[in-house]
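Heads up: the structure comes next, in structure tokens.
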Amino acid sequence: MGLTIAIQKSGRLHDDSIKLLKECGIDIANGVNKLKAEASNFPIEVYFLRDDDIPQYVEDAVADIGIVGENVVYEKNKKVEVVEKLGFGKCRLSIAVSRNEKYDEHSNYLEGKRIATTYPHIVQKYLDEKNINAEIHEISGSVEIAPGIGLAHAICDLVSSGSTLFMNGLKEVETILQSQAVLIKHKGLGAEKQQILDKLLFRFQAVKKAKNNKYILLNAPNENLAEIVSLLPGMKSPTVLPLAETGWSSVHSVLSENEFWDNIERLKAAGAQGILVVPIEKMII
Ligand code: PRT
Ligand code: ZN
């Protein structure tokens, strides 16, 4: 029996979830108007659902695994296991107040105030931890207009660029959760399904590693080869091949995105020329 995965039917996580499965070599028919779709080349069936419902379905084993924002996982607080952070759908859950308010984190501003949010559970936990007594007003959408219409003094909502807050005359004053899409699984998945999940995770990781790394090719003067090689750790060590022109070598290696620009500067300073940087599709160590 195959694995079932729940992903968002439409919305911000839909496209990246499908893309991730595709990058893992899993072919699924476009399911925008369907409830489910079966992969043709991997034992997995995809259910398209509202993101809010995914944790419950995974707790109940209606779906074995799911892709959903951490914000939803912590708000719904269902019995599911977070298996892997997926690196997309990044945002933060923040408290915001009117731009004109004086807010100082030590002033106990929120004490006795009313906070509008679609995340009552996470906000209550935050208030409890900080020993703040405030009233939570749960609403289901358009949270950012609440202060302007006198519904609440503050809001707690997801922020990515900050432009929604800005356009509504609000300012972000506290971040209470950093969030991104994660893979969750049913607790107590059977051995056979776990085996399929392990296969899928292996592919996820290969795709993720590839995104964080670049393949680099360059020409190096032989007298500086040792220095240049030392700047390029690679997966084991760089490949060094002689160039047709004597005194020069071609060096191939893998560099992580993080150290990329620093290392390029150092490589140039050590005499490297003709530096090519190429994306990697999959990376298996
Ligand atoms: O229909 P369904 O219930 O499945 O979808 P939905 O409408 O509940 O969710 P959707 O598609 O809006 O978001 C799905 C997930 O994307 C969220 O649960 C988050 O994990 C993630 N995500 C990432 C975001 C944002 N970024 C985001 N910016 N979700 C919502 N927003 C909203 C935010 O609520 C606010 O209204 O965008 C606005 C703020 O954006 P900026 O860029 O103006 O700051
Ligand atoms: Zn939703």
Residue check for Val277: open to solvent by 40 Å² or more (accessible area, probe 1.4 Å) and in contact (Cβ under 8 Å) with a residue 40 or more places away in the chain: yes
Test for Leu158: is it within 16 Å of ligand 2 (Cβ to nearest atom), touching a residue at least 60 places away in the same chain (Cβ under 8 Å) and outside the structural domain of Arg12 (by TED's automatic domain parsing): yes
Please specify each residue of region 159-209 satisfying the condition of being part of a loop (DSSP other than H, G, I, E, B), open to solvent by 80 Å² or more (accessible area, probe 1.4 Å) and small (Gly, Ala, Ser). Ser161
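Restricting attention to region 49-61, does a residue exist that is away from ligand 1 (no atom under 16 Å from the Cβ) and crowded, with 23+ Cβ neighbours inside 10 Å?
No, the conditions are met nowhere in region 49-61.
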Every pair of residues 6+ apart whose Cβ atoms lie under 7 Å, when the first sits in region 188-215 and is within 25 Å of Pro238 (Cα to Cα) while the second is small (Gly, Ala, Ser): Arg203/Gly25; Lys208/Gly87; Asn212/Ser256; Asn213/Ser256
If I filter region 119-149 down to residues being touching a residue at least 24 places away in the same chain (Cβ under 8 Å) and of a type in the set (A, V, I, L, M), which single residue comes out as nearest to Val73 (Cα to Cα)? Ile122
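Going by what's in this entry, would Asp52 be described as within 13 Å of ligand 2 (Cβ to nearest atom) and either out of contact with any strand residue (DSSP E or B) (no Cβ under 7 Å at 6 or more places or on another chain) or among the acidic types (Asp, Glu) (or both)?
Numbers: within 13 Å of ligand 2 (Cβ to nearest atom): yes; either out of contact with any strand residue (DSSP E or B) (no Cβ under 7 Å at 6 or more places or on another chain) or among the acidic types (Asp, Glu) (or both): yes.
Yes; evaluated as a whole, the condition is true for this residue.
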Qualifying residues in region 25-48 (those that are crowded, with 20+ Cβ neighbours inside 10 Å and at pLDDT 95 or above) - the one nearest to ligand 1 (Cβ to nearest atom): Tyr47
Could you list all residues from region 101-150 that are within 19 Å of Glu172 (Cβ to Cβ), surrounded by 12 or more Cβ atoms within 10 Å (Cβ to Cβ) and among the acidic types (Asp, Glu)? Glu101, Glu144
If you scan region 8-17, which residues turn out to be open to solvent by less than 30 Å² (accessible area, probe 1.4 Å) and more than 13 Å from ligand 2 (Cβ to nearest atom)? Ser17
Out of region 1-29, which residues are part of a helix (DSSP H, G or I) and either hydrophobic (A, V, I, L, M, F, W, C) or over 11 Å from Val68 (Cβ atoms) (or both)? His14, Asp15, Asp16, Ile18, Lys19, Leu20, Leu21, Lys22, Glu23
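The values are calculated or read from the model by the stated rules, or taken from the named source; none is laboratory data. In this text, all values refer to a predicted model and were calculated from it rather than measured experimentally. Note: ideal-geometry Cβ built from the backbone for every residue, glycine included; neighbour counts use all protein chains shown. With ligands, DNA and RNA removed, areas are computed over all heavy atoms of the protein, side chains included. Shrake-Rupley method; radii C 1.70, N 1.55, O 1.52, S 1.80 Å.
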